[in-house]
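Just so you know, all these numbers are worked out from the coordinates, no wet-lab data involved. All values derive from a computational prediction rather than experimental measurement. Quick reminder, even Gly has a Cβ in these numbers, built from the backbone with ideal geometry, and neighbours come from all protein chains shown.
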Amino acid sequence: MTGIFYQMDLLGSAVSASEKSHRVVSQNIANVNTPGYKTKRLEFERLLSQLQSGEAEDADGIELPVKDLEGLVERVDGNNVNLEKEVAELKENALAFQAFSHLLASRVSTMRRAISG
């Protein structure tokens, strides 16, 4: 399916998933000094592939694939959050959110022009 409504649904789900990924990264940053806390990451690519394949209708109605990241260097207290990497991930996610939002707004604008004539 490649119609404009499918594209708008997919972009809307991508915006929602990006927002949820932002929450996960923000949680990592908030727990940077929590002993034993492990860095988590939303499996964004897997979520988008589920949306594209039709396994999930939208990002709001499915269980989010969040996992602990393996192989990170742990401090003495057992925490493995790297603040610099998390801030970079937050910025990357913000750019993705902006791109998805811009594309979605563009599709809505196209629909408005088509309806208006």
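Averaging over all projection directions, find the projected area of the Cα convex hull of the stretch 8-49 and quote it in nm² with one decimal place.
2.9 nm²
Quick one: go through the stretch 20-38 and flag any residue whose amide nitrogen is under 16 Å from the point 7 Å out along the Cα-to-Cβ line of Glu84.
none
Quick check: net charge around Asp68, other residues with Cβ under 12 Å of its Cβ, Lys/Arg +1 and Asp/Glu -1?
Net local charge, Asp68 excluded: +1.
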